[in-house]
Every structure is written in structure tokens, then in C-alpha cells.
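Enquirer: The structure's right below; bear with me while I get my questions together.
The values are calculated or read from the model by the stated rules, or taken from the named source; none is laboratory data. Computed from a prediction, not measured in an experiment: that's the story for all the values here. Quick reminder, even Gly has a Cβ in these numbers, built from the backbone with ideal geometry, and neighbours come from all protein chains shown.
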């Protein structure tokens, strides 16, 4: 039996990512775009727009953290759209499933590979911006580290959901669009809560990863409820991917 | 026969997968609900620590000895989503606080929209729903009334929070609880200066002609409002007629004490002898903040009765001089006008209006710890201990001081605020070495009294002259006790930040004065818990201002009053050069880390591809060996 041999699959994902220029271009763009939005634009979304770094004049990364859920809702589907749909389109999925390892191990390996890649991208962007802000003022590094820890959970949930969507589709573009729409919807939920009745608003607000990330992690707080939320979303989406792939063995 | 069975089995497996997926989603939903209810563990790692219950709140909660009934008037079904979230946030915080001492709190939730009795009760105590405000704030909403107020009762005393605010709720709750637990409200006395603006323009020169002069008179209404929230406030009148400082006064503010009659000074001495605390603000120049000018009306503390009393306690304020601070100078409006030209309003650096930052406030004692930026105007220095020795049993602690770039200047009868005059004067003063001067200090111990062995001074009659009933000693309410006297060489730091017409007098950066005053009252009445609560403000983390740095380095701010056209053009060129330099530095600071990150990425890419190139010839074999290796393992 294959047991839970996860790391070879994670390595394979990472290797294939770094052998093509796509990963480098995506990371470079992210490292440039995220700080640029943070420095100059601020976060003009929602009822209380946040000013950019220079306009706000305070050494804080809170605006940068506000951008993360939205940008990742676009970037993660782009990085993971081919995780399963490309395998299926090119016919390598069947080969992959013939390996004498559990489907769960393959799913987990692919998830780990994409998670590490995305986390590397986020860390580079956040830390480069943090270094800039630290040169300009008295930055609270504790908040930066907790924010990064929260970002790693957010990325895990996003990667899990996107790979699940990818496992359902054989077209990369469809996987990307559906994932981006789904994650975008999750991101936008807190913006529209006021048009819903109170109970529904509270439920929708609690459903959004944005609420869980910005409510605590971005302010330097670790709340076990938020950790549980992201952990459950990730586990359920990975289990969903496994079931989805597994169900194809039975066809 | 086997095929249909297998087919059915596959279908069953697919259904099984679908059901498993639904089950997982159900587990996720239930898991989150359970976590939301029972997994309330959170740790705040931020340096400011604003997202967790403070030690001050825990300390106040720890002092509760009896049952506290919390009546929460809150609408259960809030139609407006935003207000529902606000309500939920406050209820979450309330639950979190109540969970610290569940044994002492009794929470009664009442919904005035469902119960007419609850609505009557809420209206009786003055609570109002948020309907109007909600609609205005959110630009919509159903407009239905939303109730969210609370009342706390402890040992038949009641405190109310009419409008809980989501981001200040802990402070609101803890302050109200602190008020409930206190045996009595501290008493604060006030003497020596008008606390409210006079009904008529004052006798200050120019007041009749220019309403700005009258409007900028240093009154202290905002301080009074802040203190009255949690203390009994009483102007001390009639001390010169033989009245004593009332027994329920704990702290007395003595403002502009130069002109106080000797009998009043005697009453204040008796107050201190029995343990009363004083906050003394010595300030001879009368400063008009809006005009930026000050008029010196000499009421020399050196020869006044109060000055003699202070010197007997080892306290001397150098009222003949005032401070210039080249580093802690403030930016304020000034008027520049040449002969034949209309005056222009410009921003000038005024070294006489000193904004003391964190570095100039003591960390050794609680009232100044965590206070940000207190603004002083035409301040006098407090004479150092070496020149004014302390009597035995009295200790001194410096609270506020200038930077090392501070100088003393003679007080002229009319202090100009013309930017050119200021520059010239600063240039002249800088020829002398700068040093640090103390603006505020606290003295504590057993203060000697000049009237211990002598007869008390005569009381004053209605005509202001000594009365025949002079000399009667004030009744003492207790033995001689340790006391504290806090002295500042300025009174403007307590002044209203806005004029009666709403014009800003003090910049927002200089609003730490009110916080310092409240902290002092709490410190002097031994109520340090509230200082801990008040200091829970986010720490200001200002960014480097490249433009100001470059402008200062280029000397653009220093204007020569006799500037020629060539010099003006040169200054403009320097200004442009400074702007370009500042912009360049800003871009370099922004691009360096991002560029570094991209460089690391590029180097990693090169390294990776160099390492992987030999393997690329046989990718399939490499992958196969990987997976086979995994399999063998």
C-alpha cells in the first residue's frame, strides 16, 4: 500500500511550477502589485475607504492585509486551475491514479505544493512591504507575523476550494472562472450584509473568509474560532476533492 | 448478471460520495457553530494590545464584591444588517467581559421593541433607539428603531451606557463599573482663572476691536466637561473671606496664582497640610492662541504670597523668562506683512509654542506614561533642584521637559509672533548653548507651612480690604499629612482646544493635555486603574517625512526678513531641489525591498533551473523514480 506518501507529489507540483515562467511572472507581479496598491491607492472598498500608506501616514500594514483576500481570490484560482483539470485534459490523471497510493495522498500532495508556492508569493510581497514600512516608521512586527500566519490559513482555504473546483472540471478556464467567482463571492459577502435581515447578515458575515482574516489575524490577534473556520474549510475542500477524484475511479 | 450489479454498485458509490460530501459540509457548518460558541480563546499579540481585555479592566472586575445587575436594552431581531453586526460585536465583547467574573454578574436582556414595559423602562432612564442615526449612517436601512443601551446596578448605585460603541466598549464598560465600585466621586476644586468664557469680552487689549482676541481667551470648559464626567467639580470661591477648602475636595487646580490674596493662599496651605493635592499652573504671559501673540501682565510670583508659599516648599518657577525650543517647536499660523502690502497668513515654526512628544514626558510615573504630545505656550521653566533646594521630607519627580535645543528668553511686554522676528530672535538665542529645562514637576511629602507658628493672615471684607475679623484660624479636619503638589510653568496646556466659535486653537497633535490632566487627577486620587484604561489608545506610528527633512536641511523654512529677489529665487531653487531629493528618497525606500525580493526570486529561478537541467532530459524517469521511491518507502 502507498500509505500517505504526500511529499513526492508536493515536490512534483513545485518542480513543474518552477520549471515554467508562469510561477515567476505570477510571483513577481504579486510582489509589485500588492505593495503598489498599498502604497498609493489604499483600500477604496466598503463604507470606510482606507487611505494608502503615504496618505495615511502611519506605519501599519493593515491596508495591505485588506487587499489580500481579494487579490488571492484572483491569483489562487489562476495558480491551481490546472491542478486536476489539466491532468484530466492531458490524460495523465489516469496514470496518476494508477500509482499504488491513496487518492487522498495525491490530493494532499498537490494541495501542499500549491499552498507552499502561494505562501512563498504572499510572504515575499508582505515582507518586502513590511521592510519598507519598517524603514519609514515604528512597525509592529508582531502584527506582521500574526497576519502572515493568518494569510497562510487563508491561502490554505483558498487553495483547497480552488483545487476542489478544479477536480470537478476538465477545462482549466472553467475551473478558473468558477473558483474566482466562488472566492470573489465569499470575499464580497461582508460588503452586502446590510441589505439582508439581521440573522442572515450575521450568518453571511460569518461565512466569509474575509471576516475571519481581517477581524483578528490582520490586527495581530489569533482567535481559535478563526483557526477552526479555516481548518474546517480546508479539510472539507480536500475531502471533497478526494471524493470527487475517487468517484472517477468508479466510472 | 454481474454487470448490472457492478453498475448499481458504482452508482451507489457515487451517491455515497455525494452524501459524504454533504455530510462533510454539514460537519463544517456544525463545527463552525460549535467553535463560535465554545472555542472562545483568543490571544492578542499586537504591541498596542487593544484587541484583548486589559489588565486594568481585569483589576476593576476583580474588586467586585457584590452582585452587579446588567440590564441590556437591545433589539433582538435587527433588520438592518450593519446594525445587527454592531449589536453582535458589542454583545460578544460584553459576554467576554462577563465571563471573567460569571459569579458576580447577572445579565438581564430586555427587548424594548417586543415589550412595552421594557420600552417604558428604557425611556424612563433616558435611553433612545438608534433609528435616525442608523439611517443617516448607513444611507439606508429599514428605519426601524434599534435599541442598544445598558444600565448597571451595584449596591443600589446605577451607571448607564446610553450608546455603547463597538471599538470603545471595554473602556465604556470598565469606566462605568469603576464609578459603581468607588465609594465616592473624587472632588475637584478650581481657583485662580475663569473656567468658562466671560459673558463680555475681557479687558485684554484689543478685545473690543478684534473679536478674535476675546474668543481666544484661555478658558477651560473642555477640561471641566472631561472632569465632571467622573468627579464632583467645584470652583473654590470665597477663600479670601475666611472660608476653608471644603473637606470633600481631593484635588485643587490653582491657575495663574500670582494674584491670589494671602488669605486664599493660607486656605490652600491648610488644604495641603491636611493631605489635599494641588495642581498649580503658573503662567504670567496672557497668550492669545488665535492671534499668536501674548501680553505680559507682570504679577510677579517672586513677591506674591503664593510664590513665597511655593518657595517654602522648595518649588520655584522662573517667571521672568520663558522657553524657546528649537526641536519641539510647533507649526502654527502667523501673519506676514510688509509695509504697503496686505498681510498674508502663513505657516510658521514657533519655538515658543512647544509640543512635547513622548521623549519629553516621564516614563517613571503613571500620569505621563503613554501620553502623546502636550502643547505648552510661552512656558516658564521650573528652577532646578540644585538652585532651589527641597525642604527635608519633600521629594521631587520631573514630569515634562524640553529638548536639549531649548533656551530661555526675557519676557518683553508685548511678545511678537511675526515669523521674521521669531527667526531673528531664534538666531540670536542660538548663540547661547541649549539645555534641557523642566516644564512640569511633582513634589510629594510633608510640606512645611509658614503659618505653623504664626498668626493666620487677615480675611478680606466685601470691599477687598482686610476685615476686623482677621486672624481667625481655619478649623483643621485632620492631622498633618503627606501631600502632593504638581507644578507646571504654563497654564495653556489645559486650555480649550477650540474657541467658542469652533475655531481650532490647539492642533490635533497637541491634544494630550486633557489626557494628562485626567491622568493627574486619577494619580493624585490614587485611581491608577483608569489611567491604565485611558492609555489604551493606538500608539501613533508616524512615517518619516522626507519632504520636511529635506526642506529643513536646505534651510527653506528659515526666512530672512530682508530677503532680496536673488535670495528668494535661490530659496525657491533649494525648495525644488529638496522636493526632488525627498521624492527620490521615497522611491528608493519603496523600491529597495521589492527589488530585493525580485532579485531573490530571479536568483532562485536561475539556481533551480541550473540544478534541474540535468534531470530535465528525462522528466518521466525522474517523476517515476520519485513516485516509485515513495511507493517503496
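Enquirer: Take the conditions over 15 Å from residue B:596 (Cα atoms), more than 7 Å from chain B (Cβ to nearest Cβ) and either in contact (Cβ under 8 Å) with a residue 24 or more places away in the chain or part of a helix (DSSP H, G or I) (or both) and apply them to residue A:130. Does it pass?
Expert: For residue A:130, the condition - over 15 Å from residue B:596 (Cα atoms), more than 7 Å from chain B (Cβ to nearest Cβ) and either in contact (Cβ under 8 Å) with a residue 24 or more places away in the chain or part of a helix (DSSP H, G or I) (or both) - is not met.
Enquirer: From the residues in the stretch B:225-256 that are part of a helix (DSSP H, G or I) and at pLDDT below 85, which one is farthest from residue B:493 (Cα to Cα)?
Expert: Once the filter is applied, the top-ranked residue is B:228.
Enquirer: So, residue A:189, is that one more than 8 Å from every other protein chain (Cβ to nearest Cβ) and over 13 Å from the mean Cα position of the chain (by Cα) or not?
Expert: yes
Enquirer: Could you list, in sequence order, all residues of the stretch B:28-68 that are surrounded by 15 or more Cβ atoms within 10 Å (Cβ to Cβ) and touching a strand residue (DSSP E or B) at 6+ places or on another chain (Cβ under 6 Å)?
Expert: B:42, B:44, B:51, B:52, B:68
Enquirer: As an exercise: evaluate residue A:162 against (1) away from chain B (no Cβ under 14 Å); (2) farther than 26 Å from residue A:35 by Cβ and give the number of the one condition it does not meet.
Expert: It fails just one condition, (2).
Enquirer: When residue B:34 is evaluated against the numbered criteria (1) within 9 Å of another protein chain (Cβ to nearest Cβ); (2) within 30 Å of the chain's Cα centre (by Cα), which criterion, by number, is the only one it fails?
Expert: (2)
Enquirer: Could you tell me which of the residues B:596, B:630 is surrounded by 14 or more Cβ atoms within 10 Å (Cβ to Cβ), at pLDDT 70 or above and either more than 10 Å from every other protein chain (Cβ to nearest Cβ) or out of contact with any strand residue (DSSP E or B) (no Cβ under 6 Å at 6 or more places or on another chain) (or both)?
Expert: Answer to the selection: B:596.
Enquirer: When residue A:38 is evaluated against the numbered criteria (1) modelled with pLDDT under 85; (2) within 11 Å of chain B (Cβ to nearest Cβ); (3) over 18 Å from the mean Cα position of the chain (by Cα); (4) not in a loop (DSSP other than H, G, I, E, B), which criterion, by number, is the only one it fails?
Expert: All conditions are met except number (1).
Enquirer: Among the helices (runs of 4 or more DSSP H) contained in the stretch B:63-154, which hold 2 or more residues that are within 14 Å of chain A (Cβ to nearest Cβ) and at pLDDT 85 or above?
Expert: The helices (runs of 4 or more DSSP H) meeting that bar are B:81-98.
Enquirer: Determine which single condition residue A:180 fails, assuming it passes every other condition in (1) at the interface with another protein chain (Cβ under 7 Å from one of its Cβ atoms); (2) at pLDDT 85 or above.
Expert: (1)
Enquirer: Just to be sure, is residue B:392 surrounded by fewer than 18 Cβ atoms within 10 Å (Cβ to Cβ) and at pLDDT 90 or above?
Expert: yes
Enquirer: Which residue, of A:165, A:174, A:193, is under 30 Å from residue B:77 (Cβ atoms) and at pLDDT below 90?
Expert: Residue meeting the stated conditions: A:193.
Enquirer: Here is a further query. Regarding the stretch A:170-179, can at least one residue be identified that is within 19 Å of the chain's Cα centre (by Cα), part of a helix (DSSP H, G or I) and crowded, with 24+ Cβ neighbours inside 10 Å?
Expert: yes
Enquirer: So which residues in the stretch A:206-218 are at the interface with chain B (Cβ under 8 Å from one of its Cβ atoms) and surrounded by fewer than 22 Cβ atoms within 10 Å (Cβ to Cβ), if there are any at all?
Expert: Correct list: A:206 only.
Enquirer: Another question about this same structure. Run down A:167, A:202 and say which single residue is in a helix (DSSP H, G or I) and at the interface with chain B (Cβ under 9 Å from one of its Cβ atoms).
Expert: A:202
Enquirer: As an exercise: evaluate residue A:66 against (1) crowded, with 20+ Cβ neighbours inside 10 Å; (2) under 21 Å from residue A:219 (Cβ atoms); (3) within 13 Å of another protein chain (Cβ to nearest Cβ); (4) under 14 Å from the mean Cα position of the chain (by Cα) and give the number of the one condition it does not meet.
Expert: Result: residue A:66 fails condition (3) only.
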